[in-house]
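Presented below is the structure to which this report refers.
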Amino acid sequence: METAAPSAVIVAIDGPSGTGKSSTSKAVAAKLGLRYLDTGAQYRAITWWMITNGVDTDDPQAIALAAGKPAIVSGTDPAAPTITVDGLDASGPIRTQEVTSKVSAVSAVPEVRTLITDLQRSIAAEAAAEADGIVVEGRDIGTTVLPDADLKIFLTASAEARAARRSGELRGKEAADLAATREALIKRDAADSGRKTSPLAKAGDAVEVDTTELTLDQVIECVVTLVEERRSRDAAQVEGSERGTSEEHSAGAESRRSATDSTERRAK
Ligand SMILES: Nc1ncnc2c1ncn2[C@@H]1O[C@H](COP(=O)(O)OP(=O)(O)O)[C@@H](O)[C@H]1O
Ligand SMILES: Nc1ccn([C@H]2C[C@H](O)[C@@H](COP(=O)(O)OP(=O)(O)O)O2)c(=O)n1
């Protein structure tokens, strides 16, 4: 197990689809010099591998048996995050409608979650040991993957706002109308929230931010402020405990000095 650098910060950002997790997490990590991990991309990558290797994505047993086969590697530079599967760049193929429609079924399989969760924890531990920390975004980061994260954020937004954001992204690519996007989004949220293993959920100690009426810049600013507040609280605590230790030291020195003084006095 790697040891975290004293000032490293781990930020967990969870929430349903289209609430702004990826855009916010990337920007916050870039602004604060942290690494960035898109855990949804990892579940998409394993789903893409299952599809391209002929595994029936409606068969949890077949998925469980194959889960350990693909090698998934995530690059955590927020300016250029990457994802490869068996050495192949998967960043394009994981965003197709086919993968999007099957990812909830694949990510509900416990064997898949165990493997991907272990991978996520090792990436976070490395970022805490070798960098200033990391922003990890997904569905179960604050509840399951990193329950000891320094800061947990849960992003929400109305289904209408989320669908409008998503269909804005799709326009011109795989044109989807607003109603169909909204339906698909609600269906995926229900599957992700309703699964048995590690469902999409807000951690009890997460800060909830409703992004419906906020611009992306406002959300980024809000999260940056929360991280900075957390860091200064931690720094004040460290300073306090160091002062406590040095006061203990000087109290110890004082009592040693008076003990010496009295010994000297007795010797005279
Ligand atoms: N507060 C916001 N207001 C308007 N658009 C937003 C906001 N947050 C994110 N977006 C846009 O919505 C889309 C989905 O955001 P994304 O970060 O991918 O969400 P998530 O990762 O939660 O699915 C992106 O095109 C993004 O630019
Ligand atoms: N920590 C996570 C992250 C994603 N997933 C699953 C559930 C999600 O529907 C899919 C895809 O996640 P992704 O974040 O790419 O989804 P968006 O389309 O960006 O909302 O992966 C998960 O089960 N646990």
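The values are calculated or read from the model by the stated rules, or taken from the named source; none is laboratory data. What you see is a predicted model, and the numbers here were worked out from it, not measured in a lab. Surface accessibility is based on the protein's heavy atoms, side chains included, excluding ligands, DNA and RNA. Shrake-Rupley method; radii C 1.70, N 1.55, O 1.52, S 1.80 Å.
Using a/c under 1.5 as the rounded threshold, could you call the stretch 177-237 rounded, prolate or oblate? The axes a ≥ b ≥ c are square roots of the C-alpha gyration tensor eigenvalues, and prolate needs a/b larger than b/c, oblate otherwise.
oblate
Roughly to the nearest percent, how much of the accessible area of the stretch 9-212 is carbon and sulfur, given a 1.4 Å probe? Walk me through the numbers on the way to the answer.
On the way: 4700 of 8760 Å².
That share works out to 54 percent.
Provide the per residue accessible area, probe 1.4 Å, for the chain, rounded to a whole number of square angstrom.
Per residue, the chain has 52 Å² of solvent-accessible surface.
From the backbone phi of the stretch 26-33, what are the Karplus-calculated ³J(HN,Hα) couplings (6.51 cos²θ - 1.76 cosθ + 1.60, θ = phi - 60°) in whole Hz, Gly and Pro given as x?
4, 5, 5, 4, 5, 5, 9, x
If I fit a long axis through the Cα atoms of helix 216-267 and take the longest principal axis of the Cα atoms of the chain, what angle between them do I get, 0 to 90°, rounded to 10?
For 216-267 against the chain, the angle is about 20 degrees.
Short version: ³J(HN,Hα) in whole Hz for each residue of the stretch 34-41, in order, from phi by Karplus 6.51 cos²θ - 1.76 cosθ + 1.60 (θ = phi - 60°), x for Gly and Pro, what are they?
Using θ = phi - 60°, the values come out as 9, 7, 9, 10, 9, 6, x, 5 Hz.
Compute the Rg to Rh ratio over the chain from the alpha carbon atoms, using the Kirkwood formula for Rh, and round to two decimal places.
With Rh from the inverse mean 1/r over Cα pairs, Rg/Rh is 1.16.
Of the cross-linked pairs K21/K152; K69/K202; K152/K202; K69/K102; K31/K152, which ones have a Cα-Cα span greater than 20 Å in the structure shown?
On the way: K21/K152 12 Å; K69/K202 31 Å; K152/K202 9 Å; K69/K102 18 Å; K31/K152 18 Å.
Distance filter (> 20 Å) returns K69/K202.
Take every Cα-Cα distance within the stretch 44-126, group them into 10 Å bins from 0 onward, and report for each bin the whole-number percent of pairs it holds.
P(r) over the stretch 44-126, rounded to whole percents: 18, 52, 28, 3.
Among rounded, prolate and oblate, which fits the stretch 134-238 when a ≥ b ≥ c are the square roots of the eigenvalues of its C-alpha gyration tensor, a/c under 1.5 means rounded, and a/b larger than b/c means prolate?
The shape class here is oblate.
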